[in-house]
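Shown next, in structure tokens, is the structure this report addresses.
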Amino acid sequence: MVEAPTILRIYARLIGARIRSQVQYRLSFALNMIGTALISFLDFAAILVIFEQVDALGEWSVAEVAFLYGISSVTFAATDLAIGHIDLLPEMIRKGDFDLVLVRPLGSLFQVVASDFTLRRLGRVGQGLVILVVALTQLEIEWTAGRVGMLAVTVVAGSAIFAGVWIAFSTIAFWLVDSLEVANAFTYGGNFLASYPVNIFGAWLRRLVLFVVPLAFVAYLPSLYILDKKDELGLPRALQFASPLVAVATALAGGLLWRVAVRRYRSAGG
Amino acid sequence: MIELEGVEKTFTVWRKRGRLRRERQVVEAVAGVSFTIEAGALVGYVGPNGAGKSTTVKMLTGILVPSAGRISVAGLEPSRQRIDLARRIGVVFGQRIQLWWDLPLRESFELLRHIYRVPLERHRTNLTTFIDLLELGPFLQTPVRQLSLGQRMRGELTAAMLHDPEILFLDEPTIGLDVVAKARVREFMSTINRERGVTVLLTTHDLADIERLCSRLLILDHGRVIYDGGLEELKDLYGHERTLIVDLEEPGPPIEVDGARVARVDGPRQWLKFRREDVSAAELTAAVAAKARLIDLAIEEPDIEDIVRRIYTEGTPQSKP
């Protein structure tokens, strides 16, 4: 294995060049960033529209849902910024460019993730943070050390859960060539599922986000603790603290699946 | 240095049968290949499209996992020790770009120094050598996307050699290049093999590459090695036929002489194939001159292109029961 500092140095060099070329055109970069942020605010507007009609969503007030949405958005955007370019994988596989990844002395997953960097995706992190901060000012949270710590842990664990899920679903590309849509359903759909209180979902969707694709651990379960809310689903209280464990398990599962999938790689052409 | 033993690679494909039904079909891309390449050799690997050349190279470099058989490259098992192997081999694909599209060559090389963790001193020495050898100087600062195909290939060759690999795999490195660029690439391959002792496995369609560079030739067809040996032996085995080309004063019917047959007639020009053992060139010329008035003549030695084409179409005694 290559040690971590070397990997980080190489990563910085790889994406450094990409960032330089994106910042080069300042105006277009700024517009891009603002555009991305605006589009994601529209996304949040959909939630506000719902609350025009109802006062609460499954016992969650607008500020509480905004809090969920904020956490989910920040973690999603952070994951997207770091490993979002895994969506280039189907294209790399179709063209056979994944060959080149395999003849370099670095991990294949790392190389795919570091193959590009889109700085404007920072716009989404900004949007998530703004909504999270606004939600926090509207909520009266009793801040204890445990809650503050939990908020920080949640963002990190949530990003790892998203990452594990994306990696797992991206490997479909090794079996099916046109898999981008399937994988997208779980990346962007995952953000959507993580942004809403799980108790409003139907039974099968609830089971899905709790036991199969553990998106309930991204924001919902830890938020129950941070906001000191009663769990309408009556799940064991321990689950509210389980996000870090689930994150490790999900990331490991994603990594393992990746290893298996790479051995299935068939390359392209002659 | 490179050892293959009964290596196979099969792909499962699903063919459409009717609207919904699909049929499973197993395609054997490589069907039991065994050979050994000693350290320091420069071996040509040829065969028609779809013969399994690229598939073999991909298994040797750790890109594909073989379906059966044993592979050892530099003492490592490629698919299981891919990262260790990557440090010790260089790979150039003529049809793919390994350099970073947006970066100037110099920055690509710098990035590779970090990826392969080459000591700075060593990197500088190597870079100077290759800049000299391949005349990269004038376009070192140009982004790769603006380079010509020939310039890019020279960059790719340098990129593959900067970490001092023991083995270099070249998959059609001269494809699409002009005569001058081809000559330069060949010169480079020959130099690194001779002076640095790098083992080279060269896949190519251009048999001139083989003729100039390789002492040993592996011919692959339908996933099997059908010839493994020297180039001279190949010519001796299959290249007995020489061609006498004569220009006659007037067009006429094919000339009938002992020991030769007319392969082609084009107006006053005729091509006569003959074998060294049957008749000498002088005897044949005299015999032809006795039958028709000659203006000009030339003798063509068998070329490797013809021989290989014949092997592709007719097979070899080795491949026929």
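What Kirkwood Rh does region A:26-106 have if only Cα atoms enter the pairwise 1/r average? Answer in Å.
16.1
Give the Rg (one decimal place) followed by the Dmax (whole number) of region B:62-176, computed from C-alpha coordinates and expressed in Å.
For region B:62-176, the Cα radius of gyration and maximum Cα-Cα distance read 14.9, 47 Å.
How large is the Rg to Rh ratio of the protein assembly as shown when both quantities use alpha carbon positions and Rh follows Kirkwood?
On the Cα set of the protein assembly as shown, Rg over Rh gives 1.13.
Where does helix A:243-262 land angle-wise versus the long Cα axis of chain A, in degrees 0 to 90, nearest 10?
In chain A, helix A:243-262 runs at an angle near 20 degrees to the longest axis.
Calculate, in nm to one decimal, what B:Ser72 and B:Asp266 gain on full extension: separation in residues at 0.36 nm each, minus their alpha carbon distance.
Here the answer is 64.5 nm.
At 7 Å along Cα-to-Cβ for each site, give me the label-to-label distance between B:Leu140 and B:Leu120 in nm.
The modelled label-to-label distance comes out at 1.6 nm.
Which one, A:Val23, A:Val113, A:Val125, has the greatest fluctuation when you compute a Gaussian network model over chain A with C-alpha springs under 10 angstrom?
A:Val23
All other residues with a Cβ under 9 Å from the Cβ of B:Ser72 taken together, and with Lys, Arg as +1 and Asp, Glu as -1, what is their net charge?
Result for the neighbourhood of B:Ser72: -2.
Work out the FRET efficiency for B:Tyr312 and B:Glu211 from their Cβ-Cβ distance, taking R0 = 25 Å, and round it to the nearest 0.05.
It comes out at approximately 0.90.
Pop out the ³J(HN,Hα) list for region B:201-206 in order, Karplus 6.51 cos²θ - 1.76 cosθ + 1.60 with θ = phi - 60°, rounded to Hz; leave Gly and Pro as x.
Values per residue, Gly and Pro as x: 10, 10, 9, 7, 9, 8 Hz.
What is the mean number of Cβ atoms from other protein chains located within 10 Å of the Cβ atom of each residue in peptide B:91-102, rounded to a whole number?
3
Hey, rough spin-label estimate for A:Val248 and B:Leu297, points 7 angstrom out along Cα→Cβ, what's it come to in nanometres?
Distance between label points: 8.8 nm.
Lys and Arg at +1, Asp and Glu at -1: add these up for the other residues within a Cβ distance under 11 Å of A:Ser115 and post the number.
Overall, the nearby charge balance is -3.
How big is the antiparallel share of DSSP beta bridges in the protein assembly as shown, given as a percent to the nearest 5?
Here the antiparallel bridges make up roughly 70 percent for the protein assembly as shown.
Determine, for the protein assembly as shown, the count of lysine pairs separated by eight or more sequence positions (or lying on different chains) whose alpha-carbon distance falls under 24 Å.
Lysine pairs meeting both conditions in the protein assembly as shown amount to 15.
Considering chain B as a Gaussian network with a 10 Å cut-off on Cα pairs, which listed residue, B:His114, B:His205, B:His163, attains the greatest mean-square fluctuation?
In this elastic network of chain B, the residue with the biggest mean-square fluctuation among B:His114, B:His205, B:His163 is B:His114.
With charges only on Cβ, +1 for K and R and -1 for D and E, what is the dipole size of chain B about its Cα centre, in debye, rounded to 20?
My answer is approximately 1900 debye.
Sum up the charges of everything whose Cβ sits under 12 Å from the Cβ of B:Asn49, counting Lys and Arg as +1 and Asp and Glu as -1, but leave B:Asn49 out.
Computed value for this residue: -1.
Using 7 Å Cα-to-Cβ label points, what is the A:Val212/A:Thr6 separation (nm, one decimal)?
Spacing of the two 7 Å Cα→Cβ label points: 4.1 nm.
Using a Gaussian network for chain A with springs between C-alpha atoms less than 10 Å apart, which of these wobbles most: A:Thr154, A:Thr36, A:Thr187?
A:Thr36
Step through the residues of region B:188-197 one at a time and calculate ³J(HN,Hα) from phi using the Karplus curve (6.51 cos²θ - 1.76 cosθ + 1.60, θ = phi - 60°), rounding each to whole Hz and writing x for Gly and Pro.
5, 4, 5, 5, 5, 5, 6, 8, 10, x
For the protein assembly as shown, give the magnitude of the charge dipole about the Cα centre (Cβ charges: +1 Lys/Arg, -1 Asp/Glu; no others), in debye to the nearest 20.
1340
Have a look at the DSSP beta bridges in chain B and tell me what percent are antiparallel, nearest 5.
70
Pick out, from B:Ala86, B:Ser54, B:Ser34, the residue whose Cα sits farthest towards the positive end of the charge dipole of region B:1-103, with +1 on the Cβ of Lys and Arg and -1 on the Cβ of Asp and Glu.
Of the candidates, B:Ser54 comes out farthest on the positive side.
Can you figure out the FRET efficiency of A:Ala185 with A:Val148, using R₀ = 35 Å and their beta-carbon distance, to the nearest 0.05?
Once the sixth-power term is evaluated, E becomes 0.50.
Can you tell me the 0 to 90 degree angle between the C-alpha axis of helix B:304-314 and the longest principal axis of chain B, rounded to 10?
So the helix axis and the longest Cα principal axis differ by about 90 degrees.
Lys/Arg Cβ at +1, Asp/Glu Cβ at -1, dipole of region B:175-259 taken about the Cα centre: which of B:Val246, B:Thr191, B:Leu220 is farthest positive-ward?
The residue sitting farthest along the positive end of the dipole is B:Thr191.
Relative contact order for region A:201-270: what is it in percent, counting Cα pairs under 8 Å that are at least 6 residues apart?
25
In region B:24-130, which chymotrypsin sites (Phe, Trp or Tyr not before Pro) fall in coil by DSSP and have 12 or fewer other Cβ atoms within 10 Å?
B:Trp101
Dipole of the protein assembly as shown (Lys/Arg Cβ +1, Asp/Glu Cβ -1, origin at the Cα centre): which of A:Gly35, A:Phe174, A:Leu106 lies farthest to the positive side?
Towards the positive end, the residue furthest out is A:Gly35.
Please compute P(r) over all alpha-carbon pairs of region B:115-218, binned at 10 Å starting from zero, and give each bin as a whole-number percent.
For region B:115-218, the pair-distance distribution reads 14, 48, 32, 6.
Based on other C-beta atoms within 10 Å, arrange B:Ser280, B:Ser108, A:Ser243 from fewest to most.
Listed from fewest to most nearby Cβ atoms, that is B:Ser280, B:Ser108, A:Ser243.
Taking 0.36 nm per residue of sequence separation and subtracting the Cα-Cα distance, how much length would be gained by fully extending the chain between A:Glu140 and A:Lys230, in nm to one decimal?
30.8 nm
Where the convex hull is taken over the Cα atoms of chain A, what is its projected area averaged over directions, in nm²?
Average projection, Cα convex hull of chain A: 16.2 nm².
Determine ³J(HN,Hα), in whole Hz, for all residues of region B:9-17 in sequence, where each value follows from phi through the Karplus function 6.51 cos²θ - 1.76 cosθ + 1.60 and θ = phi - 60°; x replaces Gly and Pro.
Couplings: 9, 10, 10, 9, 10, 10, 9, 6, 10 Hz.
When Rg is the radius of gyration of the Cα atoms in region B:2-235 and Rh is its Kirkwood radius, what does Rg/Rh come to?
1.00
Please report A:Ser73, B:Ser79, B:Ser190, A:Ser40 as a ranked list, fewest other C-beta atoms within 10 angstrom at the top and most at the bottom.
B:Ser190, B:Ser79, A:Ser40, A:Ser73
Tell me the angle of helix A:122-138 to the major Cα principal axis of chain A, expressed in degrees between 0 and 90 and rounded to the nearest ten.
Between helix and principal axis, roughly 10 degrees.
Rule-based calculations on the coordinates, nothing more; no lab input. Because the structure is predicted, anything quoted here is derived from the model rather than measured. Methodologically, a virtual Cβ is constructed for each residue, glycine included, from the backbone with ideal geometry; neighbour enumeration extends over all protein chains shown.
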